[in-house]
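Please treat every number below as a calculation from the coordinates, not as lab data. Worth saying up front: this structure is predicted, and the values here are computed from it rather than measured. Cβ placement follows ideal geometry from the backbone for every residue including glycine, while neighbour counts extend to all protein chains displayed.
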Amino acid sequence: MRNNLAFLLLFFTIGLNGNSAFSGVTIEPYVSVSSTKQVKPEKAGQNKSKPATTETEVIKQRTTVGLRGSIGFFRIFKFQLGVGQNELTTTSKTNQAVDDYGEIDFEKDMSMDTSNPDKEVKIVETQRKGAASVVLDPSFSVFILRAKAGVVATQREFKKEEVDKPVVSLVTQIKYKPTVGAGAGVKFGPRMYFLAEYSLFLYKFPEKSPFERELTVSYGVTL
């Protein structure tokens, strides 16, 4: 009982001195541009002018718009939650349509006909993301730094459109992937700041592919 009373007394003493462990709620609208890179071997017969061991590098970019909120502890630590969404439309020949994350086989999972390799297919992908991160935000005068680590939950929805065929849809299960990042920004007063972050995702560590990197800009307001 005495230990509990001592803890409560210490808590309120810190709070009265203006150094409470709880340092406020921050809201961050954000925009991010992510780039995925996957290296895949050519399928047999896909390109007769190259040997079957030839590797193809596939790079795609996505723009995500979302909102993040965080609760601060001990001034520099935050627990952050965020949501966002992006959409990507690609048009390619059926024998060149690949998932840059290596999670979907369009031929098997979406009944894509590859008998005519020159036929074009349009694939619209929507990603819905949720993220939970532990953030370290030390500040120096008008500058702020950030280091973070967390988990991103992603659900993907596909729509495949081919000439003279009905639209085929697919919604994947939610996948959880680790992420780390760092950033720097400028403060516009004690409660507002602009921040740029660089994040890395390596989904099949220790394998290097698929690989994703992301540049995010955000504007934060502490309530």
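Some notes on this structure:
- Subset of Lys93/Lys160; Lys93/Lys204; Lys129/Lys160; Lys60/Lys165; Lys60/Lys122; Lys37/Lys177 violating a 19 Å alpha-carbon distance limit: Lys93/Lys204; Lys129/Lys160; Lys60/Lys165
- Förster radius 22 Å - calculated FRET efficiency between Leu88 and Tyr198 (Cβ-Cβ, nearest 0.05): 0.60
- Set of aspartates and glutamates with alpha-carbon distance to Lys187 below 19 Å, sequence-local pairs under 8 removed: Glu28, Asp137, Glu197
- Each peptide among 216-222, 109-115 gets the average number of other Cβ atoms lying within 10 Å of its residues, and from highest to lowest they stand as 216-222, 109-115.
- Residues Ser35, Ser133 arranged by fewest to most Cβ contacts within 10 Å: Ser35, Ser133
- Among residues other than Val186 with Cβ under 14 Å from its Cβ, the summed charge is +1 (Lys and Arg +1, Asp and Glu -1).
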